[in-house]
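K.L.:
Dropping a structure here in structure tokens format, bear with me for questions.
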Amino acid sequence: PHGVPSEDITKNIDSSKCSKEKFILFFGVISPRKGIEWLFRAFARAKHEIREYKLILAGFEPPYYSGYKMSLERRAEKLNIKEDVVFTGYISFSELHNLFVNAEIVVFPYLISVSGSGPLTYAMKYGKPIIASKTPYFAEVLKDGYDAILVPVNDKESFSQAIVNLIKNNELRRKFSQRIIEKAKAYFWDEVAKKTVLLYDSLLFM
């Protein structure tokens, strides 16, 4: 698994940087395999019910996807959500910390998930309510309806409804948050290290 630090990251919250804006967070490299286009369509469908919310994409465009961010900006403009979509580009850990602290929910609309996800484990560590595509990896880590909402890949109607339902249901967000924080403990780096050592041991002494 992709790990996260075990220390209490919430103790360093700077209340002076708590955002008054309401937003949904996408964090990670800006990549075509991450389903941002259909996230935009889902967000556009949801906007009439969550007008005060923005969508923040925290991450950079790598050189090998040069021009992709520009195409996403054009897509946002066509969907009339350009003013509600924010691209941060590369951000520092302290900036990311404040985004995670203030995000209402975190979304993972991936078309494909090929390995452990650092952004997912950070969302778990921060106890954020999660909506994700039902890819094999996310379905392995998350339990639909128990600690997250899993949506069929590229199903913009279901993703849109999941966004609206989760934002409007405070009690469901609270339950998801409590359960995902508990699950995150298995993804602390020291736990990941133990699993790695046990795996090597099992291979060495077969």
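K.L.:
Would you please name the chymotrypsin sites (Phe, Trp or Tyr not before Pro) within the stretch 142-202 that are DSSP coil residues with at most 15 other C-beta atoms within 10 Å of their C-beta? Each step should come with its number before you reach the end.
P.N.:
Numbers: sites: 146, 159, 176, 187, 188, 189, 200; in loops: 146.
Listed in order of number, the matching sites are 146.
K.L.:
Still on this structure, please answer the following. Along the charge dipole of the chain, which of 55, 187, 29 sits closest to the positive end, that is, farthest toward it, with unit charges on the beta carbon of Lys, Arg, Asp and Glu (+1, +1, -1, -1)?
P.N.:
Working it through, the farthest residue towards the positive pole turns out to be 55.
K.L.:
Just the accessible area for residue 2, please: 1.4 Å probe, Å², rounded to the nearest 10?
P.N.:
That residue has around 70 Å² of solvent-accessible surface.
K.L.:
With no solvent and one equal point scatterer placed on each C-alpha of the chain, evaluate the Debye formula and give log10 I(q)/I(0) for q = 0.10, 0.13, 0.17 Å⁻¹, two decimals.
P.N.:
-0.43, -0.72, -1.22
K.L.:
Over the alpha-carbon set of the stretch 95-206, divide Rg by the Kirkwood Rh and report the Rg/Rh ratio to two decimals. The partial results should precede the final answer.
P.N.:
Working: Rg = 15.5 Å, Rh = 15.0 Å.
Rounded to two decimals, Rg/Rh equals 1.03.
K.L.:
Near the amide H of residue 108, under 5 Å away, which other amide H atoms are found, from residues 5 or more places off or on another chain, if H is placed in the peptide plane?
P.N.:
Those qualifying (amide H under 5 Å, at least 5 residues apart or on another chain) are 131, 132, 133.
K.L.:
Under a point-charge model restricted to the Cβ atoms of Lys and Arg (+1) and Asp and Glu (-1), what is the dipole moment magnitude of the chain relative to its Cα centre, in debye to the nearest 20? Provide the component values of the computation, followed by the final result.
P.N.:
Details: 30 positive and 24 negative charges, 88 e Å.
Result for the chain is approximately 420 debye, rounded to the nearest 20.
K.L.:
Using r as the Cβ-Cβ distance of residue 182 and residue 2, and R0 as 22 Å, what FRET efficiency do you calculate, to the nearest 0.05?
P.N.:
Working: r = 18 Å, r/R0 = 0.81.
Step by step, r from the Cβ atoms, then E = 0.75.
K.L.:
Still on this structure, I have one more. As a quick test, which of the pairs 22/156; 69/168; 78/143; 22/185 have an alpha carbon distance above 25 angstrom in this structure? The partial results should precede the final answer.
P.N.:
Details: 22/156 21 Å; 69/168 30 Å; 78/143 35 Å; 22/185 28 Å.
Beyond 25 Å: 69/168; 78/143; 22/185.
K.L.:
Further question: Share of the stretch 39-166's accessible area from carbon and sulfur, percent, 1.4 Å? Display every interim value, and only then the final one.
P.N.:
Values: 2900 of 5730 Å².
Ligands and nucleic acids excluded, carbon and sulfur reach 51 percent.
The values are calculated or read from the model by the stated rules, or taken from the named source; none is laboratory data. Quick caveat: nothing in here was measured; it's all calculated off a predicted structure. Counting neighbours? That spans all protein chains shown, and the Cβs are built from the backbone with ideal geometry, glycine included. The protein model used for the area step is the full one, side chains on, heavy atoms only, and it has no ligands, DNA or RNA in it. Shrake-Rupley method; radii C 1.70, N 1.55, O 1.52, S 1.80 Å.
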